[in-house]
Amino acid sequence: MRNVTITSSSGQQLASGSEPEAVLNLEGNWYFQPSRVDTSVLEVTERTYTCPYKGTCRWVDYVGEEGRIPEVAWIYDSPKPGYEPIGGRYGFYGSPRSGTFARVKDA
């Protein structure tokens, strides 16, 4: 089991949880249950991206101390078959990108 925390570049915690209940790792990215995400600084947008495998997601922007940072996360409301476990979860990049950082610790 691993504990995963996503922070902004200023160190503000955006999401935190432990595998496998609160967070899933898929293709190097982290998918958090909404209850484990600080939605007070994240704004779900109308902008979308369509993955040929997972379906269409909505981009999520960070709005906080650093101002607005677009597309720090995403949500697949209705992913394609085989990807149902990530449905409704907030996805974050597994590597530093878009002003966010993932920290992973073995429990």
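Any residue at all in segment 51-70 that is within 21 Å of Arg2 (Cβ to Cβ) and surrounded by fewer than 18 Cβ atoms within 10 Å (Cβ to Cβ)? No, the conditions are met nowhere in segment 51-70. Of all residue pairs spaced 6 or more apart or on separate chains, those with beta-carbon atoms under 7 Å, a first member in segment 14-32 that is β-branched (Val, Ile, Thr) and a second member that is modelled with pLDDT of 90 or more and surrounded by 21 or more Cβ atoms within 10 Å (Cβ to Cβ) are Val23/Val4; Val23/Gly17; Val23/Trp30; Val23/Tyr31; Val23/Phe32.
Do you know which of the residues in segment 83-96 that are loosely packed, with under 13 Cβ neighbours inside 10 Å and free of Cβ contacts under 8 Å to residues at least 60 places away in the same chain is nearest to the chain's Cα centre (by Cα)? Looking at the filtered set, the residue picked out is Pro96.
The residues of segment 48-82 that are in a loop (DSSP other than H, G, I, E, B), within 15 Å of the chain's Cα centre (by Cα) and either closer than 24 Å to Gln13 by Cβ or touching a residue at least 40 places away in the same chain (Cβ under 8 Å) (or both) amount to a single one, Tyr76.
Looking at Val104, Val60, just one residue is modelled with pLDDT under 95, hydrophobic (A, V, I, L, M, F, W, C) and touching a Ser or Thr at 6+ places or on another chain (Cβ under 9 Å), and that residue is Val104.
Return yes when Asp77 is exposed (fewer than 13 other Cβ atoms within 10 Å of the Cβ), among the charged types (D, E, K, R) and in contact with a strand residue (DSSP E or B) (Cβ under 9 Å, 6 or more places away or on another chain) and no when it is not. Spelling it out, Asp77 is indeed exposed (fewer than 13 other Cβ atoms within 10 Å of the Cβ), among the charged types (D, E, K, R) and in contact with a strand residue (DSSP E or B) (Cβ under 9 Å, 6 or more places away or on another chain). Scanning segment 1-30 for residues that are buried (at least 18 other Cβ atoms within 10 Å of the Cβ) and more than 19 Å from Asp106 (Cβ to Cβ) gives Ser8, Leu14. One residue stands out among those in segment 31-47 that are among the β-branched types (Val, Ile, Thr) and part of a strand (DSSP E or B): the one that is surrounded by the most Cβ atoms within 10 Å (Cβ to Cβ), which is Val37.
The values are calculated or read from the model by the stated rules, or taken from the named source; none is laboratory data. The shown structure was predicted, so the numbers you read here are calculated from the model rather than taken from an experiment. Here the Cβ is made from the backbone with ideal geometry for all residues, glycine too, and neighbour counts use every protein chain on show.
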